[in-house]
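The values are calculated or read from the model by the stated rules, or taken from the named source; none is laboratory data. Values in this document were obtained by computation on a predicted structure and should not be read as measured data. No Cβ is skipped: glycine too gets one built from the backbone with ideal geometry, and neighbour counts run over all protein chains shown. With ligands, DNA and RNA removed, areas are computed over all heavy atoms of the protein, side chains included. Shrake-Rupley method; radii C 1.70, N 1.55, O 1.52, S 1.80 Å.
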Amino acid sequence: MDRTSALFFVFLALLAFSAVWMIGAYNRLVRLRNQIDAAWAEVGVQLTKRHDLVPNLVAVVQGYASHERGTLDEVVEARSAAISAQGPQEQAHAENMLTGALGRLFAQAEAYPELKADGSFEQLQARLADIETNLAVARRAYNVSVQAYANVIQTIPTNFVAWFNSFEPREFLSADEGSRDVPRVELPTAAQVS
């Protein structure tokens, strides 16, 4: 075998290795992107459960604290905004607004002992707490998936495969700056409740 033939076979071997590596990198990117989509779908399932629970919660509270109309309207409006939100950032913002509104609703419910003692209210509150726990797990899984994907599309040499095949970065779910503040709640005085 002469030198030219040997170089040709080395070139073919490198070409075959590169092709196999590129196929593997592409498949890894597809798997990570699909993992993100599955994690986002799970977030959506938990959000739907949360959104479906809110009208029942509002109805129970309205029966005891009908004069808390502003807070009830705020919860209903925040739920509507959360349902219509698109994409992770808009969804996160809308959900943070709903969380704040629900927090204010529960804080105001503290002023109504008969509401707190209502079995339906306690059951709805417990279901919401379970959903919130599941939602936190789903959000965390989504962000971990986005981080793994981002690491692959931003590091050499897989970033070339990602760029060539138009793999776009995905957004993390994060809290809004305003949602990190403790909401201010003004509880009614005994004279206002009577």
So how far apart, in nm, are the two label points at Gln123 and Ala148 if each is 7 Å from Cα heading toward Cβ?
3.9
With a Förster radius of 25 Å, plug the Cβ-Cβ distance of Glu168 and Trp21 into 1/(1 + (r/R0)^6) and report the FRET value to the nearest 0.05.
0.70
To the nearest µm²/s, what D does Stokes-Einstein give for the stretch 113-157 at 10 °C and 1.306 mPa s, using the Kirkwood radius over alpha carbon pairs as Rh?
120
Asn159 versus Ser84, label points 7 Å from Cα toward the beta carbon: distance in nm?
4.0
Per residue accessible area of the chain, 1.4 Å probe, in Å²
61
Linear extension gain, Thr133 paired with Ala38, 0.36 nm per residue minus alpha-carbon span:
32.4 nm
Which value, in Å² and to the nearest 10, is the accessible area of Asp2 when all protein chains are kept and the probe is 1.4 Å?
90
Give me the net charge for the shell around Ala82: Cβ to Cβ below 11 angstrom, other residues only, Lys and Arg +1, Asp and Glu -1.
-1
Angle in degrees between helix 119-154 and the longest Cα principal axis of the chain, rounded to the nearest 10
20
Expressed as an acute angle from 0 to 90° and rounded to the nearest 10, what is the orientation of the C-alpha long axis of helix 69-84 relative to the principal long axis of the chain?
20
Carbon and sulfur: what percent of the chain's accessible surface (1.4 Å probe)?
59
Can you give the charge dipole size of the stretch 1-155 about its Cα centre, rounded to the nearest 20 debye, using +1 on the beta carbon of Lys and Arg and -1 on the beta carbon of Asp and Glu?
780
With each run of n ≥ 4 DSSP H residues scored as -39500 (n - 2.57), what mean residue ellipticity at 222 nm is computed for the chain after dividing by its residue count and rounding to the nearest 500 deg cm²/dmol?
-27500 deg cm²/dmol
Could you compute how much accessible surface Ile153 exposes when probed at 1.4 Å, giving the result in Å² to the nearest 10?
20
Put Thr158, Thr4 in order of accessible area, largest first, probe 1.4 Å, and you get Thr4, Thr158
In degrees between 0 and 90, to the nearest 10, how far off the longest principal axis of the chain does helix 3-64 point, with axes built from Cα atoms?
10
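What translational D, rounded to a whole number of µm²/s, comes out for the stretch 72-178 from Stokes-Einstein when the hydrodynamic radius is the Kirkwood one over Cα pairs, at 4 °C and 1.567 mPa s?
Result for D is 79 µm²/s.
How long are the three semi-axes of the equivalent ellipsoid for the chain, computed from the Cα gyration tensor as the root of 5 times each eigenvalue, in whole Å, largest first?
Each semi-axis is √(5λ); the values are 55, 14, 11 Å.
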Between Ala138, His93, Leu105, whose Cα lies farthest towards the positive end of the dipole of the chain when Lys and Arg beta carbons carry +1 and Asp and Glu beta carbons carry -1, centred on the Cα centre?
Ala138
